[in-house]
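A.B. asks: Have a look at this one before I ask anything.
The values are calculated or read from the model by the stated rules, or taken from the named source; none is laboratory data. This one's a predicted model, so the numbers in the text were calculated from it and none came from an experiment. Virtual Cβ from ideal backbone geometry, glycine too; neighbours counted across all protein chains shown.
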Amino acid sequence: MSWTEFITPQITLANSKSESTTFGFSVARLSIGAKAEVDEATLFEILADAFTKYRLVITRWESSHQRVPAVLAKSALAHNFELIPCPTLIYWGIDLDEVASEHPGNSQGVIPTVEVSTDIELLDNLISQSFQNYPSHYAFNPYLPSDTTERAYRDWVKALSVDPTARCQVVYATNDSPAGVGISEHLADEVAEVLLAGIAEGHQNQGLYPHLMKEMIHAARANGAKQLVISTQSSNIAVQRVWARVGLRPILSVENCHLISGTIRS
């Protein structure tokens, strides 16, 4: 689910082929945008239909929809599904018209380099090292394998590496070793969304992450975007501090949960 789904007046239920393949059972994603008209009876019908087709419905809704959790809980109970709460997502953004046009490293001394890459082996290795223990929403579902986040992210990056709308950037440490990766996508309405950004173990706490973020901001502006957005779990304070330092600000919150069939235990 992306930024565009959370700012539109839509309720969207879609089959997730990649996650269904990864987990070995049918998975769907349900998203409720900020401006959606949420009729409780209609939402009950959408959920009832989803529960007949899928064993896991990953559900996200913009936080102002305060009645949605009650509807989800009642519907799950009625259909032998379990509701597993997941951490709130916080979206941060920056108005790129306010960002200086010069390259962020022009006035500095020796700095890490950032290069665009489509090398899937390199990208896969960096994702594995960067997100092995990342507490994504998958980590809160006790019915999924402990390595689900890493597996899902690696599958995602393989698809993104050949996606013409995605831009994969690798940051190199000063000894020229690949140290981290950032992947962004240019959306409609001149918005760039950072889908993934992380630094590999062994290279963290060396100032590489803020440099990577600055480079991604610069690249988005150079490619014509007017806004850059990125999200993380609300508990991920460390990266949000970095985002604040490079000029981003919180702009949207999204609640999310997993609705999983009671038959998953069998």
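A.B. asks: Search segment 238-266 for residues being loosely packed, with under 13 Cβ neighbours inside 10 Å and at pLDDT 95 or above, and hand back the single one that is farthest from the chain's Cα centre (by Cα). Break it down into steps so the answer makes sense when it comes.
C.D. replies: Of segment 238-266, the ones loosely packed, with under 13 Cβ neighbours inside 10 Å are 238, 241, 244-245, 249, 262-263, 265-266.
Subsequent filtering for residues that are at pLDDT 95 or above retains 241, 244-245, 249.
Details: 241: 18, 244: 18, 245: 21, 249: 17 Å.
Residue satisfying both the conditions and the ranking: 245.
A.B. asks: State which residue is farthest from residue 211 (Cα to Cα) when the search covers only segment 248-266 and only residues that are outside any strand (DSSP E or B) and out of contact with any Lys or Arg (no Cβ under 9 Å at 6 or more places or on another chain).
C.D. replies: Applying the first criterion (outside any strand (DSSP E or B)) to segment 248-266 yields 248, 262-266.
The next check asks that each one be out of contact with any Lys or Arg (no Cβ under 9 Å at 6 or more places or on another chain); those that pass are 248, 262, 265-266.
On the way: 248: 14, 262: 45, 265: 45, 266: 48 Å.
Among residues in segment 248-266 that are outside any strand (DSSP E or B) and out of contact with any Lys or Arg (no Cβ under 9 Å at 6 or more places or on another chain), the one farthest from residue 211 (Cα to Cα) is 266.
A.B. asks: I'd like to know if segment 118-129 contains one or more residues that are of a type outside the set (A, V, I, L, M, F, W, C), assigned to a helix (DSSP H, G or I), under 25 Å from residue 59 (Cβ atoms) and in contact with a strand residue (DSSP E or B) (Cβ under 9 Å, 6 or more places away or on another chain).
C.D. replies: Here is the first cut: in segment 118-129, the ones of a type outside the set (A, V, I, L, M, F, W, C) are 118-119, 121, 124-125, 128-129.
In the following step, the residues that additionally are assigned to a helix (DSSP H, G or I) were identified as 121, 124-125, 128-129.
Subsequent filtering for residues that are under 25 Å from residue 59 (Cβ atoms) retains none.
No; the residues of segment 118-129 include none that is of a type outside the set (A, V, I, L, M, F, W, C), assigned to a helix (DSSP H, G or I), under 25 Å from residue 59 (Cβ atoms) and in contact with a strand residue (DSSP E or B) (Cβ under 9 Å, 6 or more places away or on another chain).
A.B. asks: Could you say whether any residue in segment 181-194 is of a type in the set (A, V, I, L, M), surrounded by fewer than 20 Cβ atoms within 10 Å (Cβ to Cβ) and either assigned to a loop (DSSP other than H, G, I, E, B) or in the same structural domain as residue 99 (by TED's automatic domain parsing) (or both)?
C.D. replies: Going residue by residue through segment 181-194, those that are of a type in the set (A, V, I, L, M) are 181, 183, 187-188, 191-192, 194.
Those still in the list that are surrounded by fewer than 20 Cβ atoms within 10 Å (Cβ to Cβ) too: 187-188.
So of that shortlist, the ones also either assigned to a loop (DSSP other than H, G, I, E, B) or in the same structural domain as residue 99 (by TED's automatic domain parsing) (or both) come out as 187-188.
The answer is yes, given that some residue of segment 181-194 is of a type in the set (A, V, I, L, M), surrounded by fewer than 20 Cβ atoms within 10 Å (Cβ to Cβ) and either assigned to a loop (DSSP other than H, G, I, E, B) or in the same structural domain as residue 99 (by TED's automatic domain parsing) (or both).
A.B. asks: Right, residue 177: at pLDDT 90 or above, in the same structural domain as residue 16 (by TED's automatic domain parsing), of a type in the set (Gly, Ala, Ser) and over 19 Å from the mean Cα position of the chain (by Cα) or not? Walk me through it before giving the result.
C.D. replies: Values: at pLDDT 90 or above: yes; in the same structural domain as residue 16 (by TED's automatic domain parsing): no; of a type in the set (Gly, Ala, Ser): yes; over 19 Å from the mean Cα position of the chain (by Cα): yes.
No.
A.B. asks: For the list (1) in contact (Cβ under 8 Å) with a residue 60 or more places away in the chain; (2) of a type in the set (Gly, Ala, Ser); (3) closer than 24 Å to residue 137 by Cα; (4) buried (at least 20 other Cβ atoms within 10 Å of the Cβ), I need the number of the one condition that residue 235 fails.
C.D. replies: Tallying (1) in contact (Cβ under 8 Å) with a residue 60 or more places away in the chain; (2) of a type in the set (Gly, Ala, Ser); (3) closer than 24 Å to residue 137 by Cα; (4) buried (at least 20 other Cβ atoms within 10 Å of the Cβ), residue 235 fails exactly one: (4).
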